[in-house]
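Please read the structure below before turning to the comments.
The values are calculated or read from the model by the stated rules, or taken from the named source; none is laboratory data. All of these numbers come straight from a predicted model, not from anything done at the bench. So basically every Cβ, Gly included, is an ideal-geometry build from the backbone, and we count neighbours across all protein chains shown. Quick note on the areas: whole protein, heavy atoms, side chains included, nothing else; ligands and nucleic acids left out. Shrake-Rupley method; radii C 1.70, N 1.55, O 1.52, S 1.80 Å.
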Amino acid sequence: MLHSVNREQTLEKLGFAYTHERLPCPSIFPNLASLDLVGFEWDAHWLAQLSRLPQLQHLALTCCIGPKLLLLPALPALISLTVRLQSRSTLRVVLWPTLPALQELTIDSPADVEILAGGELRDLTADIAEGPAGLAAPGAAAGAEAYQPTAATPCAIHALHVGANHVTIDFGALPALDDLSLFGCDEVAGASTLAGACALRSLRISNLKLAGWVTELLRAAPASLRKLDLEGQWGPQLAEVIGGMSQLRVLALDAFVGEDDHSTAADAAQDIAPPADGVVWRSLSALLWYDKVPLPEGLRHATQLELLSYRTSIPTLLELDLLATLPALTCLWVRTTIESISEEERICRVLHRHLPHLRQATLWVDADDSGFWVAGDALLGIKS
């Protein structure tokens, strides 16, 4: 429970478990820079008061109840926004001029998400007029009428992480986007516009089954893309598209294949791996091969590969022969089920004997692959 607070106090960070009767008026904290609301029942009139906080830079909302359409007020200083929805509401985020300084946007929703550029702000007037009471902040309609979109609206977003049933987005409005994650999405309208995100370096896609929009998205990937992390189920068509992505330097592939069915895993290798003659192999510096699927034959053409992580029980002679053909390989991470220190040491000695050019050989048994990404980022000159 919050007691009276002197306006002279400089409270800058507030976390609050929402109870409607006790939620304080935001304006009593004029210096607030960070706000985290949990269990929030969407109240557009209350949210509108956040516009009066000139220093609010970080906002996190976990919303349990809301109307059919959710809109955000103008927050000119906000640089980080996280919205987690537990209701099947449509969240509409208008970037300009509502959120001109926004750099990081994270959304997790079981329904629909619309991320709109400023040129579409004029459409909000009708939504406000026809929607339920309290849908938008007071004066929002007048602001929409007064705003005249220019040919180009500056969007500062460099990190975007979205999980939703249906996502609508124009990537051409996000020229500064550097890091993109899409998880659990059944459909992404605007996937073909990804080429417009001309600064994109990292892309992660995760879903039980990767639908046709993923193929469309990867075909439109800009030349700036360096990291691709795919998790889900896919077939030869998507594998062929990946094989043609010569701009990639770091690739992680995790196809959901039955761990105990070795015949299925062997058959799946032909469907999920990029073709052996794909240009992607010649450009890779790092590969994370998650599954018990046999190492792909395309590795023989990975002459620039420096870092490899893959999963096996004990490295076989076939695997070692394949790895020995990689002239640039200096760092090998092997995920295994072996937990004996003496056995690990023996396997490492075998690895170094067959692969004398290795500088580092690591055996690991848990599912944490953060070390691979740190090393992969280092190869790209990126600070993790």
Scan the stretch 76-94 for residues that are farther than 21 Å from T168 by Cβ and over 21 Å from the mean Cα position of the chain (by Cα) and report the count. 2
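Could you please let me know if L351 is in a helix (DSSP H, G or I) and in contact with a His (Cβ under 7 Å, 6 or more places away or on another chain)?
no
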Name, by its number, the condition in (1) at pLDDT 90 or above; (2) open to solvent by 40 Å² or more (accessible area, probe 1.4 Å) that does not hold for L72. (2)
Selection from the stretch 189-216 of residues surrounded by fewer than 17 Cβ atoms within 10 Å (Cβ to Cβ) and either touching a Cys at 6+ places or on another chain (Cβ under 6 Å) or of a type in the set (K, R) (or both) yields R204, K209
Filtering helices (runs of 4 or more DSSP H) wholly in the stretch 246-326 for at least 2 residues that are open to solvent by 10 Å² or more (accessible area, probe 1.4 Å) and at pLDDT below 85 gives 262-272
Filter the stretch 181-201 for residues that are closer than 14 Å to E231 by Cβ and touching a helix residue (DSSP H, G or I) at 6+ places or on another chain (Cβ under 9 Å); the one that is modelled with the highest pLDDT is L182
Which of the residues spanning the stretch 75-85 are open to solvent by 40 Å² or more (accessible area, probe 1.4 Å) and either acidic (D, E) or closer than 16 Å to F40 by Cβ (or both)? R84
Could you tell me whether R219 is in contact (Cβ under 8 Å) with a residue 60 or more places away in the chain and either crowded, with 16+ Cβ neighbours inside 10 Å or over 19 Å from L288 (Cα atoms) (or both)? no
Within the stretch 48-65, identify whether any single residue is surrounded by 17 or more Cβ atoms within 10 Å (Cβ to Cβ), touching a Gly at 6+ places or on another chain (Cβ under 7 Å) and farther than 19 Å from A159 by Cβ, and answer yes or no. yes
